[in-house]
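Everything below concerns the one structure shown next.
Every number here is computed from the coordinates shown, using simple stated rules; none is lab data. Quantities reported herein were computed from a predicted structural model and do not represent experimental measurements. Neighbour counts run over all protein chains shown; Cβ positions are idealised from the backbone, glycine included.
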Amino acid sequence: MNQTVMPAPVRKSVRVDAPPERAFEVFTAGIGRWWPKSHHIGASDLDAPVIEPKAGGRWYERGVDGVECEIGKVLVWEPPARLVLVWQLTADWKYDRNLVTEVEVRFIPDGAGATRVELEHRNLERYGDRADVLRGQIDSAGGWSSLLQLFAEAAAH
Amino acid sequence: MTYDNALAALADPTRRRVFEKLSAGPKSVGALARGLPVSRPAVSQHLRVLKDAGLVADRPEGTRRVYYIDPHGLGALRKWLDQFWGAALDAYAEEVMQAERRRR
């Protein structure tokens, strides 16, 4: 048996009442206004994450102390339809230049003045060799029943 | 094991069925095969992959083996990212709403 089975990516979607142009703008230029503040890499409190508006741009966060910490890069910059970011954070929220996973975000017109935003975080197999770190970091209290639910949700999308 | 294996193992639909059936409780190969449109040897093969991936474990019970879900082997990685992006996109949608309101 020598079959290659790729792990399913994490997929999420949300519908917003704004046209793709403005949905894209809030996602990128406005990321500092919605990115969860509880998640940050630097030692000091998070000031704002920044996505540089171009392919090859940096994706980093700035702490209130002014220190910048990398999150990843901008791989594809196609406003207002598509954005691909490189996510290089490990499960313990550290930047690792050798870890390269992709987050693709699509902004799809959905009726008058609305947009469906679809996010896919893929290449999760590249986390493989970090499983031990991960296990220490993440509470698995939800157990397998919530995992099955995740699979059901992933399948439904 | 690695999460690579765990996630890959569950990407196969038949293996996911086997795994889901085990969520109801420990079962033998024969019991698993009865509810699935695949042969017993095929079920055994799927169980071996799931076991190698750290998703299921087995133990002897009388003259047969029973299989059960290994509570320590599951895809915490997916759970983490799924929860993170769920919360992030909720906050994002809220901010789009606020931004639209400010425009009016």
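Within a 10 angstrom radius of each residue's Cβ in A:9-20, how many Cβ atoms of other chains show up on average? Whole number is fine.
Partner Cβ neighbours, averaged per residue: 5.
Can you pull the mean other chain C-beta count within 10 Å for peptide A:22-29? It would help to have the intermediate numbers written out before the result.
Values: counts 4, 5, 0, 2, 8, 4, 0, 0.
Neighbouring Cβ atoms belonging to other protein chains average 3 per residue here.
If you plug each phi of region A:93-108 into the Karplus form 6.51 cos²θ - 1.76 cosθ + 1.60 with θ = phi - 60°, what whole-Hz ³J(HN,Hα) values come out, in order, with x for Gly and Pro?
Using θ = phi - 60°, the values come out as 6, 10, 6, 9, 4, 8, 9, 10, 10, 10, 10, 9, 10, 10, 10, 10 Hz.
Taking the simple approach of a point 7 Å from Cα along Cα-to-Cβ for both B:ARG101 and A:ALA112, what is their distance in nm?
Reported label-point gap for B:ARG101 and A:ALA112 is 2.3 nm.
Kindly flag which residue pairs out of A:LYS12/A:LYS54; A:LYS73/B:LYS51; A:LYS12/B:LYS51 have an alpha-carbon separation exceeding 26 Å in this structure. Display every interim value, and only then the final one.
Details: A:LYS12/A:LYS54 24 Å; A:LYS73/B:LYS51 37 Å; A:LYS12/B:LYS51 29 Å.
Exceeds cut-off: A:LYS73/B:LYS51; A:LYS12/B:LYS51.
Would you please give the FRET efficiency between B:ARG59 and A:GLU68, computed as 1/(1 + (r/R0)^6) with r the Cβ-Cβ distance and R0 = 41 Å, to the nearest 0.05?
Working: r = 52 Å, r/R0 = 1.27.
It comes to 0.20.
For the pair B:ARG40 and B:GLU20, what calculated FRET efficiency results from E = 1/(1 + (r/R0)^6), where r is the Cβ-Cβ distance and R0 = 25 Å, to the nearest 0.05? Let's see the in-between values first.
Details: r = 18 Å, r/R0 = 0.73.
Calculated value: 0.85.
Return the distance in nm (one decimal) between the two label points of a simple spin-label model at B:ALA11 and A:VAL100, each offset 7 Å from Cα along Cα→Cβ.
Those two pseudo-labels are separated by 1.8 nm.
Under 5 Å between amide H atoms, partner at least 5 residues away or on a different chain: which partners does A:ARG82 have, H built in plane at 1.01 Å?
A:PHE107
Taking beta carbons within 10 Å but only from partner chains, what does the mean come to for residues B:19-28? Before the final figure, lay out each step's value.
On the way: counts 4, 4, 0, 1, 5, 0, 0, 0, 0, 0.
Average per residue, whole number: 1.
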